[in-house]
Amino acid sequence: MSDAASSPHEAERADDRASETALPDDAALSIPDTASRGEAAAIAAAVGAHLRDRAAAAEAATDGASSECDRWKLCDRLGCRDPPRATSHGEEWKVAGRVRR
């Protein structure tokens with residue numbers, strides 16, 4: 001295993017190149033110089049999760065997806081017996097306050 005391609009540093013550079021290509025054009029990530037490796041990884045993971053969620057939301061919006069939540073999934077998530085009436089995405093918290101468990 002003395003081959004240079006399998007060194008940890010080479011793997012890190014490959015991971016860096018892969019993550020650079022996955023970022024949208026309008027995204028920038030600045031990590032403080034004082035951040036430890038673990039903190040930097042946590043920051044990068046949080047930003048990556050946010051970008052994935054944003055991309056998934058944009059894809060769902062362009063797919064012509066319904067603007068309403070799935071009533072039965074919401075019922076299961078809230079632990080209620082009867083499904084709530086039509087609920088828009090982003091309004092689930094209102095339904096959660098009205099649910100009788």
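The values are calculated or read from the model by the stated rules, or taken from the named source; none is laboratory data. Just so it is clear, the model here is predicted, and its values are computed rather than measured. Cβ: placed from backbone, ideal geometry, glycine included. Neighbour counts: every protein chain shown.
Just one of the listed residues (Ala42, Ala28, Ala11, Ala5) is modelled with pLDDT of 70 or more and outside any loop (DSSP other than H, G, I, E, B), and it is Ala42.
Consider the stretch 25-38 and keep the residues that are within 24 Å of Ala55 (Cα to Cα) and out of contact with any helix residue (DSSP H, G or I) (no Cβ under 7 Å at 6 or more places or on another chain). The one that is surrounded by the most Cβ atoms within 10 Å (Cβ to Cβ) is Ala28.
Does Gly64 count as within 22 Å of Val95 (Cβ to Cβ), surrounded by fewer than 11 Cβ atoms within 10 Å (Cβ to Cβ), modelled with pLDDT under 85 and not basic (Lys, Arg)? Even if it seems obvious, please write down each step before you answer.
Values: within 22 Å of Val95 (Cβ to Cβ): no; surrounded by fewer than 11 Cβ atoms within 10 Å (Cβ to Cβ): yes; modelled with pLDDT under 85: yes; not basic (Lys, Arg): yes.
The answer is no for Gly64.
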